[in-house]
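Report on the following structure.
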Amino acid sequence: MNKRTQWPALPVVAGLAAGLLTGCGSDSSGSGGSGASIVMGMSDDIQATDPASGYDPGSWLLFNNVFQSLLSFPKGATEPEPEAAESCAFTDSETKVYKCTLRDGLKFSNGDDLTSKDVKFSFDRMLKINDADGPAVMFPMLGKVETPDDKTVVFKLKTADATFPSKIASGAGSIVNHREYSGTELREDGKASGSGPYKLDSFSKDEAVFTVNEQYKGSADISNSGVTLKLLHGNQDDLKKALLDNKIDIAYRGLAAKDIAEIEKDVTNEEIEVIEGTSAEVQHLVFNMNDPVTGKLGVRKAIAYLLDREALVEDVYQDTATPLYSIIPAGITGHNTAFFDAYGATPSKEKAQAALQADGITEKVKLTLWSTPARYGPATDQEFKAIAKQLNDSGLFEANVKSVPFDQYEKDIEAGKYGVYVKGWVPDYPDPDNFTAPFFGEGNVLGNNYTNSEITGDIIPQTAAQSERASTDEAFGDLQDTVAAEVPVIPIWQAKQYAVVRGNTYGLEYCLDASTVFRFWELNKD
């Protein structure tokens, strides 16, 4: 997601072949939520309560708990299973017609029936509104949605896409009530009407309150009576203080790396525990291929030879991330180590200098690294200053760092003002397609003027059509090797996912996995 704010090796991810045919899911009712309520603090803001707009971690956390999708990712799983649907399957060999049958008795939290009309309405309005900050960009392949009857939904795709089940299992597949939402405009009253495990009782700048949806019918088994989410607006110190002062049960997304490291080492504080989960969040250096400096391959290769990822994750991130050596992160089907193979893990001034000289560059390269910490985390400026120092210590570069607000940052990237800048990515769904098509496909999110006809015209559409995801390994390997050779981006790190919890709160281990779905219903407290 350009979502996306930011975007250990993970366990090997199974292929998505099961997306071709998904069987019946288990049935649960919202009335099961009888445990204590949970208070959680988060540094991210919730940018939107309307699924046609929000495309950020905070908003998707809300969507995944308030709205249902036809499919969802169970805890620890990378293949979607039925949620609002009782079954879904491709009905053709070309993966271009996808049919879902809804569960019986689905209702929205206000008691309105949920039928195929609501599903069609939700997708049609998202595409029609086509909000710049919304998930419509994920569905260029969607031609039309048909509803033969109240329980049946048929998606007709313009191009083959075996990853379609994973896309509709994400927050982008949220089903809204057609009676309460406009088909042409975003809802802006701060309310949400869904059929998921929770209701959004109230929403303000600093707090969102969720209670159990008694009308819910789906696969989630609810373990608490509600969740109050405190929004700390990126303030790490306030998040840490709220946890230590016992004002919140859980601190999620936003504690400084040094704070997490200190809490882990503080064996005297038995009440607080750090829970580590898997993550496929990544961060990259991005190069403007039209820039007079970074447009030169020798400059980009020299930076690749000088980047010391190990030092960055140790010194800046206190080992709360791991070095990343390819576009597709560890644990995702098709991952390789293309940048490690091409440039090594140990910085080499000699090879960097040779790369510059091969491009006719003999003087120091003047370079500005552009950062925006409000979007990619408060450690981003520190990280980029460390990268600039690595480059400058080689004697080959004269690099500095400039940091700007996110709104200005995005405008300047679009205008081509930056030569090298940061982009982070939190995946929409755990498939190699989501780490490649958004970066190198048509209308990519990087804005760096990089084109490669083989990647865009052949590899991406061909791999998207392959239902047996493990069979895409070779093609995605070729893609990663090409990126390492042409260096339009340099992968820096892959995040570990953390939450810090007070000792009487449980279930966090079921909320932190590569699907990026934070499941409120798994939380419980003594």
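Structure summary
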read-out: Globularity index of segment 43-82, i.e. its alpha-carbon radius of gyration over 2.2 N^0.38 Å; value: 1.25
read-out: Whole-percent pair-distance distribution, where bins are 10 Å wide, for the alpha carbons of the chain; value: 4, 19, 29, 26, 16, 5, 1, 0
read-out: J(HN,Hα) series, segment 290-306, from Karplus relation 6.51 cos²θ - 1.76 cosθ + 1.60, nearest Hz, glycine and proline x; value: 9, 6, x, 9, 6, x, 8, 4, x, 5, 5, 5, 4, 5, 4, 6, 9
read-out: Per-pair calculated FRET efficiency, R0 = 35 Å: residue 358 and residue 158 via Cβ, rounded to 0.05; value: 0.20
read-out: Peptides 83-91, 450-458 ordered by average Cβ neighbours within 10 Å, highest first; value: 83-91, 450-458
read-out: Helical mean residue ellipticity (222 nm; -39500 (n - 2.57) per DSSP H run of 4+; nearest 500) of the chain; value: -7000 deg cm²/dmol
read-out: Relative contact order %, segment 341-436, counting alpha carbon pairs below 8 Å whose residues are six or more apart; value: 30 percent
read-out: For segment 387-395, Karplus couplings with θ = phi - 60° (6.51, -1.76, 1.60), whole Hz, Gly/Pro x; value: 5, 4, 5, 4, 5, 5, 5, 6, x
read-out: Cα-based Rg of segment 257-309 normalised by 2.2 N^0.38 Å, two decimals; value: 1.96
read-out: Partners for residue 411 among lysines (Cα-Cα distance below 17 Å; same-chain residues under 8 apart left out); value: 3, 402, 423
read-out: 13 Å Cα-Cα reach of residue 417 towards aspartates and glutamates, excluding residues that sit fewer than 8 places from it in its own chain; value: 291
read-out: Highest to lowest packing among 284-290, 410-416, 92-98, scored as the average C-beta count within 10 Å; value: 284-290, 92-98, 410-416
read-out: Hull volume in cubic angstrom per residue (convex hull over the Cα atoms of segment 385-474); value: 156 Å³
read-out: Average accessible surface area per residue within the chain, 1.4 Å rolling probe, Å²; value: 38 Å²
read-out: Highest average packing first - 484-491, 296-303, 60-67, Cβ atoms within 10 Å; value: 60-67, 296-303, 484-491
read-out: Label point 7 Å beyond Cα of residue 468 along Cβ direction - residues of segment 76-100 with amide nitrogen under 17 Å; value: 93-95
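The values are calculated or read from the model by the stated rules, or taken from the named source; none is laboratory data. Remember, predicted model here, so these are calculated numbers, not experimental data. FYI the Cβ positions are ideal-geometry reconstructions off the backbone, even for glycines, and counts take in every protein chain you see. Surface accessibility is based on the protein's heavy atoms, side chains included, excluding ligands, DNA and RNA. Shrake-Rupley method; radii C 1.70, N 1.55, O 1.52, S 1.80 Å.
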